[in-house]
Every structure is written in C-alpha cells, then in structure tokens.
Amino acid sequence: MADCADEHHALVVAVMSRPAVVGSLVVAVVAAGVLVSTQGTSQPPAEAASHSSALRPDGARRAASPAQLRAARLVPSDTVAVRRSLAQRLSLNQLAGQRVIYAYAGLKPPASLLAVIRAGEAAGVIFYGPNISSLSQIRAVVRELVKASASSPVHAPLLMLTDQEGGEVRRLPGAPVLSEKQIGESANAVALAAAAGVGAGRNLAGVGLNVNLAPVLDVFRQPGNFVDEFQRSYAGNPTTVARLGAAFITAQQRMGVAATAKHFPGLGAATQSQNTDLAPVTIAASLQNLRAVDEAPYRSAIAAGVKLVMTSWAIYPALDPRLPAGLSPIVIGGELRGRLGFRGVTITDGIDAGAVTPVGALSRRGVLAAEAGADLILCAATNANDNTPAQGITVLHAVASALGHHQLSLAAAQQAATRVLALRSHP
C-alpha cells in the first residue's frame, strides 16, 4: 500500500508506566530489522482483576483507558495474544465498531465518518464508483482516512475495500480488464486468472486499498442467469471455478491485498430475475448439489489461504429454510466454519439489500448478522449514491446495545474483533 506505508510499517513504541505483559508472554516487534522483546514480566494486580472489574456498577462495560489502549496497540508483527488482549480492552462501541464497514456518497468523506474512525469505532471503509474520480483523488482520500485512523485509540490500519472483479465490475480504471467469464473461456485460463490477481492487487495497493471483494466463486447453471449475465462467473464447472479462483486469490494476496471469495454458499443457481439486491431470493438446490457444486470452489479458496469470505443474501432451504445465508448461524457457523473449516474473516454483502430488508429494521439486521457470525457487516445501500455513514452508525449502536444487554455474546464479539484486528494488521 504505497500511500499507507507509515501506517503499516512504522514501529509503534508505547511508553508504559507499568508492564502489561502476562507471565512469560513474549511480545516481539520486528520493524526495519529490529527485534524488541519483553519477557518474564507479570501482570500487575490491577490488570489481573476479574472480568467483572471491566463493568460499571450499572452493568455497562467500561471504556478502555488511554493507558490500556496504548499498552495494547498493534504493530505489524503482533501476536494473537496481543490482538486478543486489545479486543478484551475495547469499549462496547469500539468492540461493535470492529464489525462495521462504512460507506458514503460523493468524493469526500463526511465529518461523521472521520469522527467514528478517530473514536476507534470503525473497521474500515468501502469505495464505490461515485467515490472515485481519479487515482490521485482516491489516494488523497485514503491519506485523509489514514490520518484520522492514526489518532484512533485502536491503532491498527483501516480496511479499505472495493470491488475490482474485472470486466464490467471495476471501481478503479485498469487491471483486471478481462471478466471472469473471458478468463474461464481462454486456453491459458490459469495464467490469466493469476495475472488478473496480480493486476488487481497492484492496482488497489497503488492507491492505498487493501481488500478486494473478489473473486466471485459462483458456479453458473444457465447462460445469461443472474451471475453469468454480467460475466461474473468463471465457468459452469466447479472444478474450473475452484482452480481459477485459487489462482486469482494466491496471486493477489502476494501483492499484499486481501482477497474475498463470494457469495457463499453460491449464487450460481439463481435465475436472471433472482437479484438479491432487489428482493428476497430462495435457491432450492439440494444439499448434495450445494456441497458438490456451489461449495466446491470454497474448499480450494480456503486451502489457498483466502482472507475473507462474503456470504450470500439468498435463502437455501437445504441448509436453513428460514434465514438468508448472511444471517444464518447454520450457514456461517455450521457450514462455512464447521464443515469447511474456514478460520478467516466473514463479511456480509450490503446490509440494505432488498433480500434482507423484509427481515426488519437496519438495527435488527445488524444484530442478526453479528449473532449469525458475521465478523464484518457491510453497511452500504444498493444504490451507491444513497450511502451514508449513518447506516454504519446505526448498526454500531445496535450491536453495542445488544452486547450491553447480553443479547449478543461478549466472548464471540471479542473473537470476531480478534480476527478483524489480525486482518487489519496483515491484509
């Protein structure tokens, strides 16, 4: 990330009046070839108090003190223990904020977005076409957001996301130019998929973005259907999709840009009229068909080390007859994490999609997504010109309130935040 070098590579030195390292925990910081190690210090009694000491008398969680947050600040080589420690020290708003990806309309980030970033209540920001007028313009926006993040008590790089699939779905000019379908139909498809991953990674990193919501791993059933209509699927053969998706993922992530496999468990069987952006969609594929065809590319993506998986908003009766996949603990916790063994970051599709608005108000959708196991909630409208940080702020407050009232598991939220903080530190 050329414009985020200071954020990603600067050595953060926290000056602490007392140690915050537990037992024989070793915290190693490697930056510019320097190793800093702290060993054998014990946690002071005040820090070793029971979890209840983090709650106010009224039961609400105390906000982390500046000293606590400074002690737990992340650097590029942070350990899992340090990330977990930071997640446990966050206020409820900050903890909820680690789930929220914000969106906005226009070319300039609004003050409300900068405010939540400075408060440590944001995981990242997504950029759509109307947010980008030129490469120099979006670089300047990224610098502004990085500056705001630098003053946040949660000292980890922001996630900066966009959709750069190739073909018709590109937010930035340039690579990858070919669509997934064009790549899949080529004689040298694997090489072209890898080249597309390299191109996407370089393109995003060149303006400071670190997460690409690609590749699409949907296995289309009928020519011209919902996914194939815009050439967003590599093929109708799950083996081909798996091989090309893994090539794209591996190549792009070598560029330092995280890849996102989508839309789990698959939209390849959706007809042309079944658009989850517009209305509820039910995909009546059998369990055998879902697992043999739609989920097959995800096994390869997970084996390739994909950093994120985006869930679909369709309902799959063979898995969960009641809830859309992105709101379903059965799909996320049972199928994706349990059966396929995914250990990375899960992300929803846009929370304002027509497929999920019938479920309830935005606040309810946000809480249900968190309850289902979504690590990140994409708080964006189906029309990019309708985007506003208010959507993310609504979800932030709803999730924080649900945590405070024990409607959501605090332990699960901390585990999700630990995964997100790991991604933020190492996209």
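The values are calculated or read from the model by the stated rules, or taken from the named source; none is laboratory data. Computed from a prediction, not measured in an experiment: that's the story for all the values here. Backbone-built Cβ (ideal geometry, glycine too); neighbour counts: all protein chains shown.
Of the residues in segment 257-272, how many are farther than 22 Å from residue 211 by Cα and either free of Cβ contacts under 8 Å to residues at least 24 places away in the same chain or buried (at least 22 other Cβ atoms within 10 Å of the Cβ) (or both)?
3
Please give the number of the condition residue 319 fails out of (1) surrounded by 19 or more Cβ atoms within 10 Å (Cβ to Cβ); (2) within 22 Å of the chain's Cα centre (by Cα).
Of everything listed in (1) surrounded by 19 or more Cβ atoms within 10 Å (Cβ to Cβ); (2) within 22 Å of the chain's Cα centre (by Cα), residue 319 misses just condition (2).
Given the criteria acidic (Asp, Glu) and surrounded by 24 or more Cβ atoms within 10 Å (Cβ to Cβ), does residue 375 qualify?
Yes: the conditions hold for residue 375.
For segment 126-153, which positions are β-branched (Val, Ile, Thr) and in contact with a helix residue (DSSP H, G or I) (Cβ under 6 Å, 6 or more places away or on another chain)?
Correct list: 132, 138, 142, 146.
Taking residue 370, is it surrounded by 24 or more Cβ atoms within 10 Å (Cβ to Cβ), farther than 14 Å from residue 102 by Cα, touching a helix residue (DSSP H, G or I) at 6+ places or on another chain (Cβ under 8 Å) and in contact (Cβ under 8 Å) with a residue 24 or more places away in the chain?
In short, yes.
Table: residues versus (1) surrounded by 13 or more Cβ atoms within 10 Å (Cβ to Cβ); (2) in contact with a helix residue (DSSP H, G or I) (Cβ under 8 Å, 6 or more places away or on another chain); (3) part of a helix (DSSP H, G or I); (4) at pLDDT below 50.
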{"residue": "35", "(1), (2), (3), (4)": "no, no, no, yes"}
{"residue": "44", "(1), (2), (3), (4)": "no, no, no, yes"}
{"residue": "81", "(1), (2), (3), (4)": "yes, no, yes, no"}
{"residue": "95", "(1), (2), (3), (4)": "yes, yes, yes, no"}
{"residue": "117", "(1), (2), (3), (4)": "yes, yes, yes, no"}
{"residue": "122", "(1), (2), (3), (4)": "yes, yes, no, no"}
